[in-house]
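*Asks:* Let me begin by handing over the structure; questions about it come next.
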2 protein chains.
Amino acid sequence: MQKTGGNDMDFSKLDNRIRNKELFNKVMTAEEASKFIHDEMVIGVSGFTPSGYPKAVPLALAERVKQSGEKMHLALYSGASLGPEVDGAWAEAGIIAKRLPYQTNSKLRNSINEGEVEYLDMHLSHTPQYVSYGILPKVDVAIVEAVAITEEGHIIPTMGVGNTPVFVKQADKVIVEINTAKPLALEGMADIYMLENPPHRKPIPITKPDQRIGTTYIPCGNDKIVGIVITDLQDKTRPLTPVDDISKKISANILKFLEKEVKLGRLPKNLLPIQSGVGSVANAVLYGLCDSDFEDLTCYTEVVQDSMLELLRCKKAKLASTTSISPSPEGLVKFEEEIEFFKDKIILRPQEISNHPEVARRLGVIAMNTALEVDIYGNVNSTHVMGSRMMNGIGGSGDFARNAYLTIFTTASTAKNGNISSIVPMVSHVDHTEHDVMVIVTEQGVADLRGLSPKERALEIINNCVHPDYKPMLLDYYKRAYESAYKHTPHILEEALSWHIKFMKTGSMK
Amino acid sequence: MQKTGGNDMDFSKLDNRIRNKELFNKVMTAEEASKFIHDEMVIGVSGFTPSGYPKAVPLALAERVKQSGEKMHLALYSGASLGPEVDGAWAEAGIIAKRLPYQTNSKLRNSINEGEVEYLDMHLSHTPQYVSYGILPKVDVAIVEAVAITEEGHIIPTMGVGNTPVFVKQADKVIVEINTAKPLALEGMADIYMLENPPHRKPIPITKPDQRIGTTYIPCGNDKIVGIVITDLQDKTRPLTPVDDISKKISANILKFLEKEVKLGRLPKNLLPIQSGVGSVANAVLYGLCDSDFEDLTCYTEVVQDSMLELLRCKKAKLASTTSISPSPEGLVKFEEEIEFFKDKIILRPQEISNHPEVARRLGVIAMNTALEVDIYGNVNSTHVMGSRMMNGIGGSGDFARNAYLTIFTTASTAKNGNISSIVPMVSHVDHTEHDVMVIVTEQGVADLRGLSPKERALEIINNCVHPDYKPMLLDYYKRAYESAYKHTPHILEEALSWHIKFMKTGSMK
């Protein structure tokens, strides 16, 4: 239950959480803290993939606006997706004018697709620099969830670091939510390292995923903190995605492919640091690694979910570097019980570091991310349903995909009970170009596009990845395009998007 | 004139060029050297943007095949584009089966678009890793143009480093063309630094464009060298592109924009390291900088042309880091006369370093590259005419664009006497996604897309960059799309590519 805070509170149990006595003067209710937020402001919040985001103050603000009917249009910046207490409640209250860089909330998604919210879908490594470079409108207020505040007023984050460091640095005012439901034992997991702007930027000194290079706290200082709210609201993390049969087949295809790469001497026996997106396939692959012969694995990724915790538990992986820990509700309970086990096995970095091309390319990550649809030449759409409708966003997939040693995109070969082929003549939106996509895996098989020309790719994809229902249709398109067009990337523009159009008209691409 | 080499040559003048006496035994004619090349081989050649590529041996091979009629299908890897002695002569002889990662030759382009050559259009920073990681079929023979060979058998490159270091490292056999037309004074310009493969890769220690971090030679060793050919064939560099009125307007728009960014405190007074593509607009911008108030500029780029040499000459820029010097034929003569002046002002790096995301992002380059077409949501097509026909390739534009502090794409608002609008509802091919494109500049004006949602971008682009002839049509498309579709990225898929289709049918988008 949310504590009310204020002068009537018993502070004796908070000595470990608020380590500078003078800061107790700033403890207030969520409703009081929400008054620092005014119309037209830019709000930067902690959190990344429903984890570590503030809850009490955003809820209080939404409630206040609902009650008062006051005008409130905010720009909301975050690390990545937030829980319903922010994205959901604020979208419902109609107070988000602009949102960046990522979201997964159904209410907010609707507002975006109805044209009520301007949404900026960004590479997650770009957001912190857009902030630091002064390109985006300046953050006025940062709302940050914390385990504790140090004597000096620095912030010990909970389980999602995201962009908190740059937001806190830029904000005039910082509101801290001390979340007593989050164990103090989280302290020490964070490794905060901040980059200077060009031309003063130095190399990021990470050469292995397990290196710590920064501080365990986010620099802030007592003066910036204008309000402290005590809460015990737990993260509303995603429910555990069940691993379905399709995902198991995709996972098996990936593991077989990785084994082959090791045999060919193109990957070390213990692979290279793993980056994995979220969802059923990602879980299937990581669970698959638990049961595999691979050993001494490492992870350099942006989010740790149940399956990656399991990979650490089963000792297949030694370490995970991430910017967020975001297990299922059950997984979260288990994680917090076992926190001493995980403490030296997880490093929580700012997303500027977890997603930085410099580090991703140097370490040579194996990037595994999900595609919405893929075309026969290897372009990937990760974001837009039928070219216009935003699903979630590109997230960090581009940061990793382009800079990976090996980048794999996965998708079931069909969707909507077989009425959509995930492989089409031309994708309706491009998030990852033909230049960035190395391997495509469906439950049908693996298309290894590395070193292939567009025409060679088309045959590799059609032959190995497409569902049998759609294979003759795609082959027919490709052959007719080859006969009728210039032959570098043969297309019949009149038909290139016809599969999508047909689906929108008839409910099926067949 | 091409020297014939062999035992009848006068070696006395070559002591400075071939510094190990034993290597004189390997001097041979181009025709003799061409015999190391067999059917089905992978050939890696020096050179980048018609500069520093081998000429005598490729010509001899093409001639030999023409005479003998022997079967010859080669994979040809390079740094970037090559002169007609390779791409042209080999395409004409029909001996290129696969080509990567970039080309600009009209004969080769035709062969690609007629389906005779499989062309792999790659990010230029990806090629060296694809080679080192063992992903591409291995280089059998490297043919390398050199100023000289050291006592230890290491290679002093001429004016285009490109991928020579990784090709030489991987090849079993190295053929060196000593080009006596290239001044020995070039020695010292190259700075060769090679990366280890993950997981052993270290940070690249460049924090300023003027830092030298490697050797002045490409490591090779006497044993690998199987043939040395003496030649004096000059690079067939591109003729100077005249700066037309449209380019002047685009340049003026860019300079005004940069001045504004400095005033807003978002760029330092001396800007940040400049990366500039090639062609008329690039020249106009760099000449424009010569006449501007900017001072103490630096360049971190992949190719130095006449206009960047002029920027050094006029002392506006202190230094250019590049992988290639590729002036016009007149500019080349002038450059070689003034080589002592330029010697400490140009650093020639491998393209793995000149184009590395790690360095581009750390330095915070200002990237200026050309678009073929742009769409109203900010996606850029750099490569494919009407979706199928390859023009040149993406080159290094993606390496810089995504990692730049500021990335600008330029295009004239129309092409083909106004019958093509360079701004369309949906591009027919995507090389740079909406996530990577910050600023678009045409002769009409500047669209600053940073921080904007897709809808906001559409209005910014239509209002500021589109030619008046097409503005009402695009606005009409956008408005109707907004009414009929999901409103994140409104599209009417039936019409999205209709402008291209109309052009192909009628010769005009109007």
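The values are calculated or read from the model by the stated rules, or taken from the named source; none is laboratory data. Fair warning: this is a prediction, and the values are worked out from it, not measured in the lab. Note that we place each Cβ from the backbone using ideal geometry, even for glycine, and neighbour counts take in every protein chain shown.
*Asks:* Within region A:72-121, take every residue that is surrounded by fewer than 21 Cβ atoms within 10 Å (Cβ to Cβ) and assigned to a loop (DSSP other than H, G, I, E, B) and give me the one that is nearest to the other protein chains (Cβ to nearest Cβ).
*Replies:* Checked region A:72-121; the qualifying residue nearest to the other protein chains (Cβ to nearest Cβ) is A:Gly115.
*Asks:* Moving on. Does B:Leu61 satisfy being among the aliphatic types (A, V, I, L, M) and either under 23 Å from the mean Cα position of the chain (by Cα) or modelled with pLDDT under 95 (or both)?
*Replies:* Details: among the aliphatic types (A, V, I, L, M): yes; either under 23 Å from the mean Cα position of the chain (by Cα) or modelled with pLDDT under 95 (or both): no.
No.
*Asks:* Hey, another quick one. Kindly list the number of the only condition in (1) surrounded by 21 or more Cβ atoms within 10 Å (Cβ to Cβ); (2) assigned to a helix (DSSP H, G or I); (3) among the charged types (D, E, K, R) that fails for B:Asp436.
*Replies:* Condition not satisfied by B:Asp436: (2).
Conditions tested, residue by residue: (1) in a helix (DSSP H, G or I); (2) under 30 Å from A:Glu32 (Cβ atoms).
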{"residue": "A:Lys236", "(1), (2)": "no, yes"}
{"residue": "A:Lys269", "(1), (2)": "no, no"}
{"residue": "A:Asn283", "(1), (2)": "yes, no"}
{"residue": "A:Tyr287", "(1), (2)": "yes, no"}
{"residue": "A:Glu295", "(1), (2)": "no, no"}
{"residue": "A:Leu312", "(1), (2)": "yes, no"}
{"residue": "A:Leu319", "(1), (2)": "no, no"}
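*Asks:* Let me ask something else about it. Do the conditions hold for B:Val139, that is, is it part of a loop (DSSP other than H, G, I, E, B), crowded, with 24+ Cβ neighbours inside 10 Å and of a type in the set (A, V, I, L, M, F, W, C)? Talk me through it step by step, then tell me what you get.
*Replies:* Values: part of a loop (DSSP other than H, G, I, E, B): yes; crowded, with 24+ Cβ neighbours inside 10 Å: yes; of a type in the set (A, V, I, L, M, F, W, C): yes.
Criteria met by B:Val139.
*Asks:* How many of the residues in region A:187-205 are part of a loop (DSSP other than H, G, I, E, B) and under 21 Å from the mean Cα position of the chain (by Cα)? If you could, list the steps in order and put the result at the bottom.
*Replies:* Step one: of region A:187-205, the residues part of a loop (DSSP other than H, G, I, E, B) are A:187-189, A:191, A:193-205.
This time we only want the ones that are under 21 Å from the mean Cα position of the chain (by Cα), so: A:189, A:191, A:193-195.
Qualifying residue count for the region: 5.
*Asks:* What are the residues in region B:320-341 that are of a type in the set (Val, Ile, Thr) and within 19 Å of B:Pro239 (Cα to Cα), if any?
*Replies:* Step one: list which residues in region B:320-341 are of a type in the set (Val, Ile, Thr), which gives B:322-323, B:325, B:333, B:339.
If the condition is that a residue be of a type in the set (Val, Ile, Thr) and within 19 Å of B:Pro239 (Cα to Cα), then B:Ile325, B:Val333 are the ones that fit.
*Asks:* State yes or no: is A:Met473 more than 10 Å from chain B (Cβ to nearest Cβ) and either in contact (Cβ under 8 Å) with a residue 12 or more places away in the chain or over 33 Å from the mean Cα position of the chain (by Cα) (or both)? Walk me through it before giving the result.
*Replies:* On the way: more than 10 Å from chain B (Cβ to nearest Cβ): yes; either in contact (Cβ under 8 Å) with a residue 12 or more places away in the chain or over 33 Å from the mean Cα position of the chain (by Cα) (or both): yes.
Here the answer is yes, as A:Met473 does meet what is asked.
*Asks:* Which residue out of A:Gly115, A:Gly160 is of a type outside the set (Lys, Arg) and under 22 Å from A:Arg349 (Cα atoms)?
*Replies:* On the way: A:Gly115 fails: under 22 Å from A:Arg349 (Cα atoms).
Every option except A:Gly160 fails the conditions.
*Asks:* I'm told A:Thr322 meets every condition in (1) within 20 Å of the chain's Cα centre (by Cα); (2) at the interface with another protein chain (Cβ under 9 Å from one of its Cβ atoms); (3) among the hydroxyl-bearing types (Ser, Thr, Tyr) except one. Can you identify the failing condition by its number?
*Replies:* Of (1) within 20 Å of the chain's Cα centre (by Cα); (2) at the interface with another protein chain (Cβ under 9 Å from one of its Cβ atoms); (3) among the hydroxyl-bearing types (Ser, Thr, Tyr), only one is false for A:Thr322: (2).
*Asks:* Hey, another quick one. Can you say whether A:Met308 is closer than 21 Å to A:Asp436 by Cα and not hydroxyl-bearing (Ser, Thr, Tyr), as far as the supplied structure shows?
*Replies:* Values: closer than 21 Å to A:Asp436 by Cα: no; not hydroxyl-bearing (Ser, Thr, Tyr): yes.
No; evaluated as a whole, the condition is false for this residue.
*Asks:* Let me ask something else. Can you tell me how many residues in region A:448-477 are under 21 Å from B:Met426 (Cβ atoms) and of a type in the set (Ser, Thr, Tyr)?
*Replies:* Result for region A:448-477: 1.
Rundown of residues vs (1) touching a residue at least 24 places away in the same chain (Cβ under 8 Å); (2) aliphatic (A, V, I, L, M); (3) in contact with a Leu (Cβ under 6 Å, 6 or more places away or on another chain); (4) assigned to a loop (DSSP other than H, G, I, E, B), yes/no style:
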| site | (1), (2), (3), (4) |
| --- | --- |
| B:Gly331 | yes, no, no, no |
| B:Ile347 | yes, yes, no, no |
| B:Arg361 | yes, no, no, no |
| B:Ala367 | yes, yes, no, no |
| B:Val374 | yes, yes, no, no |
| B:Gly378 | yes, no, yes, yes |
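Every residue, every condition in (1) without any contact (Cβ under 8 Å) to a residue 60 or more places away in the chain; (2) of a type in the set (Val, Ile, Thr), yes or no:
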| site | (1), (2) |
| --- | --- |
| A:Pro198 | yes, no |
| A:Pro203 | no, no |
| A:Val229 | no, yes |
| A:Gln234 | no, no |
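*Asks:* Also, I was wondering about something else. Have a look at B:Glu295, B:Glu302 and point out the one that is surrounded by fewer than 23 Cβ atoms within 10 Å (Cβ to Cβ) and not small (Gly, Ala, Ser). Before you say what the answer is, go through the steps one by one.
*Replies:* Numbers: B:Glu302 fails: surrounded by fewer than 23 Cβ atoms within 10 Å (Cβ to Cβ).
After ruling out the rest, the residue left standing is B:Glu295.
*Asks:* Looking only at residues in region A:362-417 that are more than 10 Å from chain B (Cβ to nearest Cβ) and among the aromatic types (Phe, Trp, Tyr), which one is nearest to the chain's Cα centre (by Cα)?
*Replies:* A:Phe400
*Asks:* Cβ-Cβ below 9 Å, separation at least six or inter-chain, first residue in region A:251-267 and without any contact (Cβ under 8 Å) to a residue 40 or more places away in the chain and farther than 20 Å from B:Ser132 by Cβ, second part of a helix (DSSP H, G or I) and hydroxyl-bearing (Ser, Thr, Tyr): which pairs?
*Replies:* Within 9 Å, the pairs are A:Ser251/A:Tyr287.
*Asks:* Let me ask something else about it. Being of a type in the set (Lys, Arg), within 14 Å of another protein chain (Cβ to nearest Cβ) and farther than 30 Å from A:Met41 by Cβ is the filter; apply it to region A:173-219 and report the residue that is surrounded by the fewest Cβ atoms within 10 Å (Cβ to Cβ). Steps first, answer last, please.
*Replies:* In the first step, residues of region A:173-219 are kept if they are of a type in the set (Lys, Arg); the result is A:173, A:182, A:201-202, A:208, A:212.
Next cut, within 14 Å of another protein chain (Cβ to nearest Cβ) only: A:201-202, A:208.
With farther than 30 Å from A:Met41 by Cβ added as a condition, the list becomes A:202, A:208.
Values: A:Lys202: 11, A:Lys208: 13.
Top of the filtered list is A:Lys202.
*Asks:* Please enumerate the residues belonging to region A:58-101 that are hydroxyl-bearing (Ser, Thr, Tyr) and out of contact with any Phe, Trp or Tyr (no Cβ under 9 Å at 6 or more places or on another chain).
*Replies:* Restricting attention to region A:58-101, the residues satisfying the condition of being hydroxyl-bearing (Ser, Thr, Tyr) are A:68, A:77-78, A:81.
A:Ser68 - this is the single residue of region A:58-101 that is hydroxyl-bearing (Ser, Thr, Tyr) and out of contact with any Phe, Trp or Tyr (no Cβ under 9 Å at 6 or more places or on another chain).
*Asks:* Restricting to region B:482-497, name every residue that is touching a helix residue (DSSP H, G or I) at 6+ places or on another chain (Cβ under 8 Å) and either more than 8 Å from chain A (Cβ to nearest Cβ) or modelled with pLDDT under 95 (or both). Step through it out loud before you land on a result.
*Replies:* Going residue by residue through region B:482-497, those that are touching a helix residue (DSSP H, G or I) at 6+ places or on another chain (Cβ under 8 Å) are B:482, B:486-495, B:497.
Matches in region B:482-497: B:Ile492, B:Glu495.
*Asks:* Among the residues of region B:157-172, are any part of a loop (DSSP other than H, G, I, E, B), within 14 Å of chain A (Cβ to nearest Cβ) and buried (at least 16 other Cβ atoms within 10 Å of the Cβ)? Steps first, please.
*Replies:* Pass one, region B:157-172, residues part of a loop (DSSP other than H, G, I, E, B): B:158-159, B:161-163, B:171-172.
Remaining after also requiring within 14 Å of chain A (Cβ to nearest Cβ): none.
Looking through region B:157-172, none of the residues is part of a loop (DSSP other than H, G, I, E, B), within 14 Å of chain A (Cβ to nearest Cβ) and buried (at least 16 other Cβ atoms within 10 Å of the Cβ).
*Asks:* On the given criteria, is A:Tyr130 of a type in the set (Phe, Trp, Tyr), more than 9 Å from every other protein chain (Cβ to nearest Cβ) and either within 14 Å of A:Ala80 (Cα to Cα) or buried (at least 20 other Cβ atoms within 10 Å of the Cβ) (or both)?
*Replies:* Numbers: of a type in the set (Phe, Trp, Tyr): yes; more than 9 Å from every other protein chain (Cβ to nearest Cβ): no; either within 14 Å of A:Ala80 (Cα to Cα) or buried (at least 20 other Cβ atoms within 10 Å of the Cβ) (or both): yes.
The answer is no for A:Tyr130.
*Asks:* Right, here's the next one. With more than 14 Å from chain A (Cβ to nearest Cβ), in contact (Cβ under 8 Å) with a residue 40 or more places away in the chain and surrounded by fewer than 24 Cβ atoms within 10 Å (Cβ to Cβ) as the only criterion, which of B:Val441, B:Val446 stands out?
*Replies:* Working: B:Val441 fails: surrounded by fewer than 24 Cβ atoms within 10 Å (Cβ to Cβ).
Checking each option against the conditions leaves just B:Val446.
*Asks:* Same structure, new question: Which members of region B:297-310 meet the condition of being touching a Ser or Thr at 6+ places or on another chain (Cβ under 9 Å) and either part of a loop (DSSP other than H, G, I, E, B) or closer than 15 Å to A:Pro199 by Cβ (or both)?
*Replies:* Kept after step one, since they are touching a Ser or Thr at 6+ places or on another chain (Cβ under 9 Å), are these residues of region B:297-310: B:298-308.
Those that are touching a Ser or Thr at 6+ places or on another chain (Cβ under 9 Å) and either part of a loop (DSSP other than H, G, I, E, B) or closer than 15 Å to A:Pro199 by Cβ (or both): B:Thr298, B:Cys299, B:Tyr300, B:Thr301, B:Glu302, B:Val303, B:Gln305.
*Asks:* Please count how many residues of region B:476-491 are in contact (Cβ under 8 Å) with a residue 24 or more places away in the chain, of a type outside the set (Lys, Arg) and part of a loop (DSSP other than H, G, I, E, B). I'd like the intermediate steps shown before the answer.
*Replies:* Start the filter on region B:476-491 by keeping residues that are in contact (Cβ under 8 Å) with a residue 24 or more places away in the chain, which leaves B:477-478, B:481-482, B:487-491.
In the following step, the residues that additionally are of a type outside the set (Lys, Arg) were identified as B:477-478, B:481-482, B:488-491.
Keeping just the survivors that are part of a loop (DSSP other than H, G, I, E, B) gives B:488-491.
Number of matching residues: 4.
*Asks:* What residue, of A:Glu151, A:Glu85, is outside the structural domain of A:Leu332 (by the TED database) and out of contact with any Leu (no Cβ under 7 Å at 6 or more places or on another chain)?
*Replies:* Details: A:Glu85 fails: out of contact with any Leu (no Cβ under 7 Å at 6 or more places or on another chain).
On inspection, the qualifying residue turns out to be A:Glu151.
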